[in-house]
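Each remark here refers to the structure printed beneath this line.
The values are calculated or read from the model by the stated rules, or taken from the named source; none is laboratory data. None of the values given here were measured: they were computed from a predicted structure. Here Cβ is always computed from backbone atoms with ideal geometry, including for glycine, and neighbour counts include all displayed protein chains. Quick note on the areas: whole protein, heavy atoms, side chains included, nothing else; ligands and nucleic acids left out. Shrake-Rupley method; radii C 1.70, N 1.55, O 1.52, S 1.80 Å.
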Protein chains: 2
Amino acid sequence: MVKEKGKNIYDIASEAGVSIATVSRVLRGETSVLPETRRKVEDVIAKRGYRPSAIARGLTQKHTNSLGIVLPKLTNPNYAMIFTGAYDEATREGYVMSLFPWKSMDLKTGYDPMEVLAERRLDGLIMCVEYQKKESYDHLTASLENLSRYMPLVLIGCVPSELDYPTITYDMSLCASGVMEYLLEMNHTRIALLGGMKEDMGVMSRDAGYRAALEKAKLPYISSYRVYGDSTTRAGEQMLTEMLDGLQRAYWPTAVIALNDLVALGALKAAREMGLRVPEDISIIGCDDLFCAPYSEPPLTSINMHQQELGARAVRRLLRPDDKTRELAAWNIVKRQSSAPTEIV
Amino acid sequence: MVKEKGKNIYDIASEAGVSIATVSRVLRGETSVLPETRRKVEDVIAKRGYRPSAIARGLTQKHTNSLGIVLPKLTNPNYAMIFTGAYDEATREGYVMSLFPWKSMDLKTGYDPMEVLAERRLDGLIMCVEYQKKESYDHLTASLENLSRYMPLVLIGCVPSELDYPTITYDMSLCASGVMEYLLEMNHTRIALLGGMKEDMGVMSRDAGYRAALEKAKLPYISSYRVYGDSTTRAGEQMLTEMLDGLQRAYWPTAVIALNDLVALGALKAAREMGLRVPEDISIIGCDDLFCAPYSEPPLTSINMHQQELGARAVRRLLRPDDKTRELAAWNIVKRQSSAPTEIV
DNA sequence: TTGTATTATGTAAGCGCTAACATGAGTAAC
DNA sequence: GTTACTCATGTTAGCGCTTACATAATACAA
């Protein structure tokens with residue numbers, strides 16, 4: 001912040017020959033100011049390039065016109081999409097949206113970024129609690145409780161049902177079994193699931209949906225078909241390569257569900273390099289429907305998670321609370337050429 | 001902001017039986033407090049979940065511990081990368097980074113988001129002035145001048161040299177001629193340039209580099225090889241399709257430089273659908289080296305713009321000003337399989 | 001013992017606004 | 001001409017902190 005004289009409401013008032021109350025009235029667009037006075041004040045404001053301090057205003061008023069959103073990271077376009085949706089909606093409503101990192105939340109340095117959040121006295125906070133490990137769960141609930149005393153909260157992502165806050169959540173279990181059903185209908189029986197950390201609650205929910213679908217179809221759960229790992233392209237490539245390497249050809253899966261499009265893109269490459277044709281020899285399905293999904297070779301079947309809409313909804317929920325607690329977020333399968341019925345038995 | 005009693009420094013002070021000055025001292029970790037007193041105060045703070053208001057603190061101190069960055073949009077991972085770099089560096093330095101949209105800057109609604117920026121009294125602002133049209137240039141310079149009276153500025157992107165602020169800029173002209181040289185060395189003589197708006201200053205700079213390289217190689221500038229348009233995947237696909245459709249096969253370019261990887265991905269698809277092999281029949285080069293570039297078919301040759309490093313550098317520059325004004329940002333060609341020497345004459 | 005550092009804590013003045021209330025000039029009603 | 005009422009504008013008390021300065025208590029040197 002650059003300090004310069006001639007930059008507060010007193011300076012403007014004295015230069016315009018009025019009181020600070022009048023300047024304040026002009027600033028806030030109040031009507032009870034003589035047109036002549038208003039012009040005089042506006043002239044000085046324009047001449048000096050004066051802008052009132054939002055900091056000082058925030059102190060007297062009980063709101064700051066700023067919202068926050070906590071996300072894991074932006075390098076995955078998935079989160080960039082949620083952010084964009086939330087951000088645009090916030091702007092439309094006249095709010096400034098700030099982003100805070102999830103990552104540092106589970107830091108053990110004694111310095112808790114959650115406290116920084118509380119200090120900022122935002123008008124509301126959206127927390128994406130996706131990819132939350134169980135071990136840091138207690139810390140999370142304590143943080144949430146404390147934060148909620150300072151600002152309204154809306155939780156998004158894959159939110160554990162015990163968390164009693166306004167929530168817009170994905171039912172990842174339903175989502176996983178939905179994809180399974182789609183594949184089972186196309187005669188796939190050897191279906192692999194690729195990526196995600198075992199302890200991650202969202203991943204556990206997917207696993208549940210995957211296993212439920214297998215059970216319903218009276219298919220066995222084969223542990224070599226479930227590979228855990230990072231959710232990156234490189235990891236996706238590695239995971240599929242290693243899975244196939246460790247399996248006799250007759251047992252190779254005919255379909256792969258990837259945790260997200262990044263993993264799917266890697267799997268696509270791995271399959272190509274193992275000499276497999278997609279989708280004739282193996283179907284591959286991603287998740288998140290990133291911008292590049294339609295442009296891979298072949299174009300990737302994926303799940304559209306309506307991320308921008310999710311972000312926007314969270315903002316509206318924050319600004320206009322309703323009595324619902326948990327709402328479900330929409331998703332749908334976008335069928336492209338990376339998935340097809342199989343003839344392999 | 002949720003208002004609740006028992007939530008300011010007076011409440012803590014009275015409950016701990018000390019003065020507000022002592023609470024403030026404990027909060028700021030001053031040493032001149034009796035261990036016993038400190039414990040007493042800390043207990044009350046912990047019990048009440050009290051966090052001092054950054055708003056109030058910002059009013060007395062002359063800094064707010066927050067930085068801002070102005071970017072066009074985050075849905076293009078290129079900007080998400082710049083943001084991530086800046087964001088991480090800011091966090092490392094103990095600052096909160098807020099993002100502001102470029103888009104709304106040229107809104108003509110009378111409401112100028114630049115003013116909102118000035119009101120927020122940030123400790124510094126990074127402005128990405130890429131993709132700036134000439135017509136809004138005057139408004140930009142006025143805004144910058146006004147803003148710079150409130151906070152230090154660092155400009156990044158493709159910054160016109162007349163702008164006299166600390167700047168980290170790409171020389172897109174050099175960059176374009178660098179790519180041209182790479183292609184010319186591989187015997188390409190029919191090289192197309194795809195995407196970007198004609199009036200955009202960054203694009204103009206590229207065009208200059210493109211033409212300079214042609215001239216140097218004594219090759220004619222052929223206007224059908226230069227197609228302007230949006231910088232999206234869909235536009236990339238369309239632009240190449242239309243270009244080829246309008247040209248006799250003998251005049252088809254043997255190489256295409258795309259404005260960015262999004263456009264390149266679209267071009268890749270268009271080429272495939274026109275029955276062209278990449279790179280045997282046509283080389284395609286992108287820009288930005290997005291995460292998906294190595295995973296396209298074939299993997300895409302692109303220009304790595306070191307976006308994260310650019311963002312981080314901008315933050316350091318903001319926090320520790322030096323006497324340099326314009327610095328150049330690094331870039332390098334990442335050669336993959338979408339580009340190769342041509343045998344077509 | 002008295003005077004003087006030294007240390008821990010308290011008091012109070014701002015920071016730049018907003019908003020409730022006060023003032024004072026002009027106008028209308030009696 | 002006095003009273004009452006508007007309306008434009010001014011005065012001032014916060015908002016929740018930090019910080020310069022004041023004060024009180026103790027320690028130590030003379």
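Of note:
- For the range A:9-52, a simple Cβ point-charge model (Lys and Arg +1, Asp and Glu -1, everything else neutral) yields a dipole of about 120 debye relative to the Cα centre.
- Computed with a 1.4 Å probe on the full set of protein chains, the accessible area for A:PHE291 sits at about 50 Å².
- With all pairs of different C-alpha atoms in the average, the Kirkwood value for the hydrodynamic radius of the range B:173-305 is 14.4 Å.
- Our coupling estimate for the range B:283-289, obtained by passing each phi through the Karplus curve with A = 6.51, B = -1.76, C = 1.60 and θ = phi - 60°, is 8, 10, 10, x, 8, 3, 6 Hz, Gly and Pro reported as x.
- Between the Cα long axis of helix B:201-216 and the first principal axis of chain B there is an angle of about 30°, rounded to the nearest 10.
- For A:SER283, distant residues with modelled amide H under 5 Å away: A:ALA255, A:VAL256
- Contact order relative to length of the range B:9-52, as percent, for alpha carbon pairs under 8 angstrom and 6 or more apart: 37 percent
- Taking other residues whose beta carbon is less than 14 angstrom from the beta carbon of B:TYR182, and scoring Lys, Arg as +1 and Asp, Glu as -1, yields +1.
- Helix B:35-48 vs. chain B, principal-axis angle (Cα, 0 to 90°, nearest 10): 60 degrees
- Using R0 = 41 Å, the C-beta based FRET efficiency linking B:GLU145 and B:LEU59 works out to 0.95.
- Considering only B:GLU89, B:GLU297, B:GLU15, the Gaussian network model of chain B with Cα springs below 10 Å gives its largest mean-square fluctuation to B:GLU15.
- Per-q log10 I(q)/I(0), the range A:284-345, q = 0.12, 0.19, 0.29 Å⁻¹ (Debye; single scatterer per alpha-carbon; no solvent): -0.44, -0.75, -1.16
- Helix-only mean residue ellipticity at 222 nm for the protein assembly as shown, each DSSP H run of n ≥ 4 adding -39500 (n - 2.57), per residue, nearest 500: -12500 deg cm²/dmol
- Eigenvalues of the alpha-carbon gyration tensor of chain A, scaled by 5 and square-rooted, set the equivalent ellipsoid semi-axes at 52, 20, 17 angstrom, largest first.
- Pseudo-label separations to other copies for A:ALA250 - Cα-to-Cβ vector, 7 Å, nm: 6.0
- In range of the label at A:GLU199: residues from the range A:150-182 whose backbone nitrogen is under 15 Å from the point 7 Å along Cα→Cβ: none
- Relative contact order of chain A, defined on C-alpha pairs under 8 angstrom at six or more residues apart (%): 16 percent
- Scalar couplings 3J(HN,Hα) for the range B:136-148, obtained by applying the Karplus form with A = 6.51, B = -1.76, C = 1.60 to θ = phi - 60°, are 8, 5, 4, 4, 4, 5, 5, 4, 4, 4, 5, 4, 5 Hz; x denotes Gly and Pro.
- Cα gyration tensor shape for the protein assembly as shown, rounded if a/c is under 1.5, else prolate or oblate: oblate
- Across the identical copies, how the A:SER161 labels are spaced - nm, sorted shortest first, 7 Å along Cα→Cβ: 6.6
- Diffusion coefficient, µm² s⁻¹, Stokes-Einstein with Kirkwood Rh over alpha-carbon pairs of the range A:121-207 at 25 °C and 0.890 mPa s: 167 µm²/s
- Checking the cross-link pairs B:LYS198/B:LYS269; A:LYS7/A:LYS62; A:LYS269/A:LYS335; A:LYS198/B:LYS335; A:LYS47/B:LYS198 against a 27 Å limit on the alpha carbon distance flags A:LYS198/B:LYS335; A:LYS47/B:LYS198 as lying beyond it.
- Backbone amide hydrogens, once placed in the peptide plane, bring B:MET127 within less than 5 Å of B:VAL70, B:VAL154, B:LEU155, B:ILE156, excluding anything fewer than 5 places away on its chain.
- Estimated FRET transfer efficiency when R0 is 22 angstrom, pair B:ASP164-A:ASP43 (beta carbons, to 0.05): 0.20
- Computed over chain B with a Gaussian network model linking Cα atoms closer than 10 Å, the most mobile of B:ILE45, B:ILE69, B:ILE285 is B:ILE45.
- Translational diffusion of the range B:237-293, estimated by Stokes-Einstein from the Kirkwood radius over alpha carbon pairs at 37 °C in a medium of 0.692 mPa s, is 291 µm² per second.
- Taking amide H as placed 1.01 Å from N in the peptide plane, the amide H of A:ASP171 sits under 5 Å from that of A:ALA329, each at least 5 places away or on another chain.
- Volume of the Cα convex hull of the range A:9-52, divided per residue and given in Å³: 58 Å³
- Backbone geometry of the range A:328-345 corresponds, through the Karplus equation with coefficients 6.51, -1.76 and 1.60 at θ = phi - 60°, to 3J(HN,Hα) couplings of 9, 8, 7, 7, 7, 7, 9, 7, 10, 7, 7, 10, 7, x, 9, 10, 7, 10 Hz, x marking Gly and Pro.
- Taking the Kirkwood radius as Rh and the Cα radius of gyration as Rg, the range B:1-90 has a ratio of Rg/Rh equal to 1.17.
- Theoretical FRET efficiency, 1/(1+(r/R0)^6), r = Cβ-Cβ of B:GLU181 and B:GLN248, R0 30 Å, to 0.05: 0.65
- Nearest 10 degrees, 0 to 90: helix B:77-92 Cα axis against chain B principal axis: 30 degrees
- Percent RCO, i.e. relative contact order, over the range A:238-298, from Cα pairs under 8 Å lying at least 6 residues apart: 38 percent
- Legend: mean number of C-beta atoms from other chains within 10 angstrom of residue C-beta atoms, peptide B:176-189, equals 0.
- Across the copies of the chain, A:GLU273 has label points (7 Å from Cα along Cα→Cβ) spaced 2.9 nm apart, shortest distance listed first.
- Cα→Cβ-extended label distance, 7 Å offset, between B:ILE344 and B:ASN8, nm: 7.4 nm
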